[in-house]
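This report concerns only the one structure given below.
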């Protein structure tokens, strides 16, 4: 099933600082950081490729993504990477929130909102708005956070993906009135 797309047109007011005991750490090019990034992604998603090949495919080959500028982690004070995101400036100047992810045991500890705050702040500093992201129907906590920050659904006319009904089902699960959410139609 095709991923869902969301868009935000400007950096809104929603913001959240990082809780005590955690820090942001920029990606630097080395095997240890590639392994840390892969460990976060593989913590709940099967990855069949070797770490370096997967990183190349998803990060290095993404148009507009400069790993040393765009990719970062949230770590605990011991240095364990718990979450990651990339604030990508697309070749056309728009932004993209790429690979917004955390390890399962870090979820529910207040890291998602600071991770999104940092990602959007990096995009805003470069003027990379509007910004988009893609997500899956089952990522309800993430979708709730995206909506709170001002992202809205993008509805595409592809009948085989039934975006309207998929979004309705998500809103029902989240207890959100679908009429209160403005969507963008492609």
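All of the numbers you see were taken from the coordinates with simple rules; none came from a lab. It should be emphasised that the depicted structure is a prediction, and the values quoted were computed from it without experimental measurement. When we count neighbours, we look across all protein chains shown, and the Cβ atoms used for this are built from the backbone with ideal geometry, even at glycine.
Relative protection proxy for 14-24, 76-86, 60-70, from highest mean packing down: 76-86, 60-70, 14-24 (other beta-carbon atoms within 10 angstrom).
This ranking places 101, 37 by how few other beta-carbon atoms lie within 10 Å of each, fewest first, which gives 101, 37. Against the chain, whose longest principal axis comes from its Cα atoms, helix 140-149 is set at around 80 degrees.
Across region 1-109, Cα pairs under 8 Å and at least six residues apart give a relative contact order of 25 percent.
Relative contact order of the chain, taken over Cα pairs closer than 8 Å and 6 or more residues apart, is 29 percent. Helical content of the chain, expressed as a calculated mean residue ellipticity at 222 nm, amounts to -9000 deg cm²/dmol (DSSP H runs of 4 or more residues, -39,500 (n - 2.57) each, divided by residue number, nearest 500). Considering only Cα atoms, the convex hull volume of the chain works out to 125 Å³ per residue.
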